[in-house]
Amino acid sequence: MSILSNKFVICLTGMPGAGKSTVARFLQENGFSPITMGDVIRQKAMEKNLPLDDKSLGELMKNLRKTHGNDIVAKLTVKKINDLDNTNFVVVDGIRSYDEYTVLKNIGYVKLLAIHASSNIRYDHIRQRDRPDTPSTHENFIQRDEREMDVGISKAIALADESISNNNITVKELRQRVDRIIKKWIDEYNNSK
């Protein structure tokens, strides 16, 4: 039995701005320890003294994958999960490829949840975040989407265990949809032990 065999890990995937971070916050409020895969890239950028803008982070992500394989960010994320001593419940925000999910799937009871939203809604969400990596124009936003699809996010979204549409719903409705899915998964997790 591996050290992580009792971990229940919910992996979140979806295009930028779909609502993954909001869902991760809901799960954190319910006792899940959060790990953001984008933070792994931001940490690597800081180690290399790179700017934390969208272009630099995107190039670094692609170069890491090209050099170390499409699953490198997931392997680095597994190390972060290993460092979590006091919890069996983890939410991983930011699966970008099915290869990443496959790596994480081997560490415990793991589910993949896709969050969908239209391009216009996602762009509005991203502009509201106001992070250093926020695309400066709609054209940059589209380029970011294309980069995500090049990495393989479409397959992760398509093969998710469950999906939620975050179009034209309130935050309360999103939380209710998440709660229904997570309750079912927690029951399955408890029955799998």
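Below is a table of values for the structure above.
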read-out: Elements of type helices (runs of 4 or more DSSP H) in region 10-112, at least 2 residues being hydroxyl-bearing (S, T, Y); value: 20-29, 54-68, 98-105
read-out: From the options D145, D161, D133, residue that is on the phi < 0 side of the Ramachandran plot, among the charged types (D, E, K, R) and surrounded by fewer than 17 Cβ atoms within 10 Å (Cβ to Cβ); value: D161
read-out: So D124, is it assigned to a loop (DSSP other than H, G, I, E, B), in contact (Cβ under 8 Å) with a residue 40 or more places away in the chain, among the charged types (D, E, K, R) and farther than 11 Å from A18 by Cβ; value: no
read-out: All positions within region 87-118 that are touching a Leu at 6+ places or on another chain (Cβ under 9 Å) and hydroxyl-bearing (S, T, Y); value: Y98, Y101
read-out: Region 22-76, subset in contact (Cβ under 8 Å) with a residue 12 or more places away in the chain and at positive phi, residue surrounded by the most Cβ atoms within 10 Å (Cβ to Cβ); value: G69
read-out: In region 176-193, the residues that are crowded, with 16+ Cβ neighbours inside 10 Å, modelled with pLDDT of 95 or more and not hydrophobic (A, V, I, L, M, F, W, C); value: R177
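A quick yes/no check of all residues on (1) within 16 Å of the chain's Cα centre (by Cα); (2) among the hydroxyl-bearing types (S, T, Y):
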position	(1), (2)
S118	no, yes
M149	yes, no
I164	yes, no
N167	no, no
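The values are calculated or read from the model by the stated rules, or taken from the named source; none is laboratory data. Every value quoted in this text rests on a predicted model; they were computed, and no experiment measured them. Virtual Cβ from ideal backbone geometry, glycine too; neighbours counted across all protein chains shown.
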